[in-house]
Structure formats: structure tokens, C-alpha cells
Amino acid sequence: MQKLRERRAVEELLLMTEQMQDELDQKDQTIQELNRQLSESLTLNEKLNSENRAENIEALRTRLKQTEKRLTSETDSRKKADAEVVAWKFKYEKAEQEKLYAQTHQKTVEVAVEKKVPYEKCEKCDRTAYQKAKEKCDNRKSQLEKKYKNMTVGYESILFLLAWYSITTTLFTAILSPVFLNDCSTFFGALGKGIGSLFREFVIGADSFGQLSNVISNSIISGIVYWLIATIVIGILFIITGLIIVWIGYQVGKIYRKYCWDILSIMVAIMSTAIAIYFGERIKSVMSINLIVLLLLVHVVYIGIRCYVKDWREERGYY
């Protein structure tokens with residue numbers, strides 16, 4: 001409010017200054033016109049003097065006196081107007097300084113404001129309508145929360161039972177499916193052979209490094225150094241391999257939690273496993289691929305599709 005008043009005062013000052021300037025311009029024009037008339041009068045006076053006309057000279061003198069009076073009054077008005085302009089300019093500069101000071105020295109002031117209360121407590125009753133309505137609303141809210149919690153517990157129980165039934169049924173069917181069992185044994189057997197081959201490579205590498213102990217002539221010390229080198233090399237290889245596996249698992253889990261951590265992924269996993277178990281023979285008749293490898297490929301493709309769809313939606317602002 002203070003800034004608005006200051007702005008209005010400054011605008012009024014500017015308007016009055018412009019009006020005074022216009023008046024001064026008009027007075028300058030009037031003075032110029034009077035000077036022109038005076039010069040004409042002087043010219044006429046010279047002509048009359050030359051013609052020796054006494055009556056015209058007297059009239060001219062009267063006119064000159066009147067002109068001098070007008071010039072004197074206009075000069076006084078001009079001086080008065082100049083003084084007013086200087087005064088208004090001083091007021092304007094003072095208002096600008098006050099405005100600048102107000103802008104640079106602002107502070108927060110708390111002002112008491114009256115606030116209307118919807119309901120006030122009556123002296124003759126113990127509870128107001130607002131308190132009764134609030135209690136009713138709170139009771140309704142607590143009842144709805146209990147109802148929602150019971151419904152959620154029931155829904156989760158049904159989902160758990162369905163998931164348990166689906167998993168157990170799928171496992172029992174997998175046990176009774178010779179094609180799926182054969183592929184499982186083949187897959188995990190190949191995985192075990194791969195781990196065994198990797199372990200043998202580690203042992204061979206450790207043995208190669210352990211041969212450095214042959215330069216020692218003492219057989220006891222050479223044997224101790226051999227086993228020490230072999231143990232250190234095997235430990236380093238296992239640590240490096242474990243870190244790589246942990247890092248890969250962490251990255252896969254991070255991607256899975258970000259893009260696929262929902263009930264849809266569980267349904268896809270169960271459905272794909274059930275299809276691979278129930279229709280394993282027909283799938284094997286069409287393509288000669290291990291069913292476990294097929295399940296892994298299907299899930300990899302599913303994760304890729306989910307990542308692409310979520311990134312596409314995030315780029316367009318749907319999340």
C-alpha cells in the first residue's frame with residue numbers, strides 16, 4: 001500500500017511538472033509576441049517622430065506604458081512559475097529519495113488480522129456443531145480405514161494363495177514332465193561343468209604361478225612357497241570372479257527394481273514357466289532349444305520391452 005501511494009504521488013508530481021512546463025512555454029510565446037509588438041511600436045514611434053504628429057506620439061506613449069506593464073506582469077509571472085517549478089522539482093527529488101529508502105530498508109511487520117470462525121462454542125451447550133461434525137467425520141474415517149485394511153488383507157491373502165497354488169502346480173507338473181526335467185538337468189549340468197572348468201583353470205593358473213618356487217633349492221621351503229603362491233593366486237581369482245558376479249547381479253537387480261518390480265513381472269514369469277512346462281514337447285518339436293534357456297531369453301526380452309516402454313513414457317511426460 002505504501003509503494004502504491006508513493007507511486008501515485010510521484011505520478012502527480014510528474015503531471016504537475018509537465019503542466020508547469022507547458023504554461024512556461026505559453027508564457028515564453030506571449031513574451032515573444034509582446035517583444036514583437038514592442039518593436040513594431042518603436043518602429044511606429046520613429047515614423048511618428050519623423051512626421052511630427054504630437055497626437056499619435058501621445059497615444060504611442062500610452063501604448064508603450066501599457067506594454068511595459070504587461071511585460072512587467074508577465075516577467076513576474078515567469079519568475080513565480082520558475083520558483084514553483086524549482087519547488088516541485090525539490091519535492092519530486094525528495095519523494096524519489098524516500099521511495100529508494102523504502103525499497104532498500106524494507107522489513108516484515110506482523111499485522112493483526114481478524115479471522116471469522118465458522119462456529120463458536122455456546123455457553124449453554126457442551127459441544128458445538130463443528131465438534132460434533134468433526135467427531136462424526138473421524139469415526140467414519142476410522143471405519144473406512146479398517147474396512148480398507150481388511151479388504152487389503154483379504155486381497156493379499158487371495159493373491160498369495162493363488163501364487164502359491166500356481167507355483168506348486170507348476171512345480172509338480174515340471175516334476176512330472178520328462179522333457180522339462182531333462183532340459184533342467186542339461187542346463188544345470190552344463191552350468192556345473194562350466195564352474196568346474198573355471199575352477200580347474202584357476203588351479204592350473206595357480207600351479208603355473210606356484211612353479212616359481214622351483215628356484216628355491218630347499219624342498220621344504222620350496223613346497224611352502226608353492227602352496228602360499230597357489231593359495232594367494234586362487235584367492236585373488238575367486239575374489240575377482242565373485243566381485244564381477246556380484247556387480248552383474250547388482251546391475252541386473254537395479255534394472256529389475258526400476259522397471260519390472262510389480263505383479264505383472266511375477267505373472268509373466270509364472271505364465272512363461274507354465275507354458276514351457278505344459279507345452280515343452282511341442283516347443284522342442286518346433287525348435288531344438290533348451291527350455292531353461294528359452295525362459296531366460298523370454299524374460300530378457302520382456303525386461304527390454306518394459307525398459308523401452310517406461311523410458312518412452314518418461315520422455316513424453318506420462319510419469
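Is it the case that segment 211-232 has a residue that's at pLDDT 75 or above, over 24 Å from Val268 (Cβ atoms) and under 53 Å from the mean Cα position of the chain (by Cα)? The answer is yes; a qualifying residue exists.
Residues checked against (1) at pLDDT 70 or above; (2) outside the structural domain of Gln97 (by TED's automatic domain parsing); (3) more than 20 Å from Phe90 (Cβ to Cβ):
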{"site": "Glu6", "(1), (2), (3)": "no, no, no"}
{"site": "Val10", "(1), (2), (3)": "no, no, no"}
{"site": "Ile31", "(1), (2), (3)": "yes, no, yes"}
{"site": "Leu38", "(1), (2), (3)": "yes, no, yes"}
{"site": "Leu48", "(1), (2), (3)": "no, no, yes"}
{"site": "Ala54", "(1), (2), (3)": "no, no, yes"}
{"site": "Leu64", "(1), (2), (3)": "yes, no, yes"}
{"site": "Glu68", "(1), (2), (3)": "yes, no, yes"}
{"site": "Leu71", "(1), (2), (3)": "yes, no, yes"}
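The residues on offer are Ile158, Ile195, and the sole one that is in the same structural domain as Ser285 (by TED's automatic domain parsing), out of contact with any Pro (no Cβ under 6 Å at 6 or more places or on another chain) and either of a type outside the set (Gly, Ala, Ser) or modelled with pLDDT of 75 or more (or both) is Ile195. Being in a helix (DSSP H, G or I), surrounded by 15 or more Cβ atoms within 10 Å (Cβ to Cβ) and in contact with a Cys (Cβ under 9 Å, 6 or more places away or on another chain) is the requirement here; does Ala174 meet it? Taking the combined requirement at face value, the residue satisfies it.
A single member of Val215, Val179, Val153 is more than 27 Å from Ile240 (Cα to Cα) and surrounded by fewer than 10 Cβ atoms within 10 Å (Cβ to Cβ), and it is Val215. Pairs are defined by a Cβ separation below 9 Å, a sequence spacing of at least 6 or placement on different chains, a first member in segment 143-165 that is closer than 30 Å to Ala274 by Cα, and a second member that is surrounded by 10 or more Cβ atoms within 10 Å (Cβ to Cβ) and not polar (S, T, N, Q); the pairs so defined are Ala163/Ile266; Ala163/Ile270.
On the stretch given as segment 182-209, residues that are farther than 30 Å from Ala230 by Cα and either loosely packed, with under 12 Cβ neighbours inside 10 Å or under 54 Å from the mean Cα position of the chain (by Cα) (or both) total 5. The set of residues in segment 248-295 being out of contact with any Lys or Arg (no Cβ under 8 Å at 6 or more places or on another chain), touching a residue at least 40 places away in the same chain (Cβ under 8 Å) and closer than 25 Å to Ile195 by Cβ consists of Ile255, Tyr256, Thr273, Ala276, Asn290, Ile292, Val293.
If only one of Ile245, Ile232, Ile224 is under 19 Å from Ser197 (Cβ atoms) and loosely packed, with under 14 Cβ neighbours inside 10 Å, which one is it? Step through it out loud before you land on a result.
Values: Ile232 fails: under 19 Å from Ser197 (Cβ atoms); Ile224 fails: under 19 Å from Ser197 (Cβ atoms).
Sole residue among the options that is under 19 Å from Ser197 (Cβ atoms) and loosely packed, with under 14 Cβ neighbours inside 10 Å: Ile245.
Of the helices (runs of 4 or more DSSP H) lying entirely inside segment 212-319, the ones with 2 or more residues being over 30 Å from Thr169 (Cα atoms) and assigned by TED's automatic domain parsing to the domain that holds Glu201 are found at 219-259, 291-315.
The values are calculated or read from the model by the stated rules, or taken from the named source; none is laboratory data. Computed from a predicted model, the values in this text were never measured in an experiment. Neighbour counts are summed over all protein chains in view; Cβ atoms, including those assigned to glycine, are modelled from backbone coordinates with ideal geometry.
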